[in-house]
Amino acid sequence: MEAFLAEIRALPRRLPGLWPFLAALTCWLALFHFFGNATFGYVKTPSLYGWMYEAYTSSSRDDGHGLLIPFVVLGLLWWKREEWLSAEKRPWPAGLAAVAAATALHILGYAVQLPRISIAALFLGGYGLALTMWGPRFARRILFPYALFVFCIPMSALAEPITVPLRMLSTNIAAFVARDVLGVPIVQVGVQMFNPNGAYSYEVAAACSGIRSMIALSALTAIFAMVYFRKPWKRLVVISLAIPLALTANVARLIAIIVAAEALGEEAGMFVHNWFGFVTFAGAIAALIWIERLWREPERSPESGGGKGG
């Protein structure tokens, strides 16, 4: 704890201009608290943060990970602190263009009552302030993990064009495997699967489409790729795994539900429905760990601009 406090006390010396930056950042954040949300008919608060909290804690909770992302970003920034603290730092007035663009973006989002646009503006403006105060080399060092703030934008409500095809694809694959590979007598009608004798019946609803897993795994694979790999192609491959991993996990969950219901009854299938998601998510994490071991890269010192941080 003493070492941690000592590093905190040393930040103003190692990061010249920290206090003016924090003052500007406080004003920027206050703007979105007092004049951030124009959708008063839906969420009765002028605060964009209030609107975000409502979206994260809604009944579907598909965007609940947004509550965790700020802590993840701050934790990763601290973990990689030697990288950005060792970067060249100098004022760069051109960075104000990013702040101006963020302001215009927020005005647009406020005018058309689209808080998601304002959320993008919120984080763009914060990055612009850092760019202005410490320059492009410093800003480049913090781009990751700062870019992870994109996962604070609630997107599940806009995912209907993806959700419907995902439901059909997951159902088709699960029904094929259960019926033609495992020999389970299953009848499929659209996104419904049921036993011919009526012993059980399940519908792959929107909440079971896999979109929640896809969004969560997109954040997870992005974090994993940026932390453990430096080569761009490796990062792109790992990030792109979010979709097949989510689809595979969802199909495995559906098959497990059918098998459990066939063997032990509908209640057993519902038990798997409620709890098997943790197992499939753990399988996705295990796959990422295996890939990291397969493609492991040597660490680099902070001065070289990479590595896993201090």
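The values are calculated or read from the model by the stated rules, or taken from the named source; none is laboratory data. This is a predicted model, so every value here is computed, not measured. Backbone-built Cβ (ideal geometry, glycine too); neighbour counts: all protein chains shown.
If we keep just the residues of the range 31-56 that are more than 14 Å from the chain's Cα centre (by Cα) and hydroxyl-bearing (S, T, Y), which is surrounded by the fewest Cβ atoms within 10 Å (Cβ to Cβ)?
Taking the candidates together, the pick is Y42.
State yes or no: is R235 of a type in the set (K, R) and either in contact (Cβ under 8 Å) with a residue 24 or more places away in the chain or not in a helix (DSSP H, G or I) (or both)?
Numbers: of a type in the set (K, R): yes; either in contact (Cβ under 8 Å) with a residue 24 or more places away in the chain or not in a helix (DSSP H, G or I) (or both): no.
Against the criterion (of a type in the set (K, R) and either in contact (Cβ under 8 Å) with a residue 24 or more places away in the chain or not in a helix (DSSP H, G or I) (or both)), R235 does not qualify.
Conditions first: (1) modelled with pLDDT of 90 or more; (2) touching a helix residue (DSSP H, G or I) at 6+ places or on another chain (Cβ under 8 Å). D62 passes all but one, so which condition is the exception?
Of (1) modelled with pLDDT of 90 or more; (2) touching a helix residue (DSSP H, G or I) at 6+ places or on another chain (Cβ under 8 Å), only one is false for D62: (1).
Restricted to the range 241-268, and to residues that are without any contact (Cβ under 8 Å) to a residue 12 or more places away in the chain and over 17 Å from V181 (Cα atoms), which residue is surrounded by the most Cβ atoms within 10 Å (Cβ to Cβ)?
Applying the filter and picking the extreme gives A268.
Out of curiosity, is L166 under 22 Å from the mean Cα position of the chain (by Cα) and either in a helix (DSSP H, G or I) or at negative phi (or both)?
Against the criterion (under 22 Å from the mean Cα position of the chain (by Cα) and either in a helix (DSSP H, G or I) or at negative phi (or both)), L166 qualifies.
Would it be correct to say that Y200 is modelled with pLDDT under 85, crowded, with 17+ Cβ neighbours inside 10 Å and on the phi < 0 side of the Ramachandran plot?
Working: modelled with pLDDT under 85: yes; crowded, with 17+ Cβ neighbours inside 10 Å: yes; on the phi < 0 side of the Ramachandran plot: yes.
Judged against the criteria, Y200 is a match.
Please identify the pairs in which a residue from the range 171-197 that is in a loop (DSSP other than H, G, I, E, B) has its Cβ atom under 8 Å from the Cβ atom of a residue that is of a type in the set (K, R), counting only partners at least 6 apart or on another chain.
That search, which allows pairs on different chains as well, returns P185/R179; I186/R179; V191/R167.
Is there any pair linking a residue in the range 12-40 that is not assigned by TED's automatic domain parsing to the domain that holds L105 to one that is exposed (fewer than 14 other Cβ atoms within 10 Å of the Cβ), with Cβ under 9 Å and at least six apart or on different chains, and which?
Short answer, once both residue conditions are applied: none.
Counting residues that are free of Cβ contacts under 8 Å to residues at least 40 places away in the same chain and surrounded by 14 or more Cβ atoms within 10 Å (Cβ to Cβ), which helices (runs of 4 or more DSSP H) fully inside the range 57-157 reach at least 2?
Working: elements: 69-79, 81-85, 96-111, 115-134, 136-146.
Once the helices (runs of 4 or more DSSP H) in the range 57-157 are filtered for at least 2 residues that are free of Cβ contacts under 8 Å to residues at least 40 places away in the same chain and surrounded by 14 or more Cβ atoms within 10 Å (Cβ to Cβ), what remains is 96-111, 115-134.
From the list F276, F281, which residue is touching a Lys or Arg at 6+ places or on another chain (Cβ under 7 Å) and aromatic (F, W, Y)? Give the steps one after another, and end with the answer.
Details: F281 fails: touching a Lys or Arg at 6+ places or on another chain (Cβ under 7 Å).
The unique qualifying residue is F276.
Residues of the range 158-189 being surrounded by 21 or more Cβ atoms within 10 Å (Cβ to Cβ) and touching a strand residue (DSSP E or B) at 6+ places or on another chain (Cβ under 6 Å), which ones?
A175, I186
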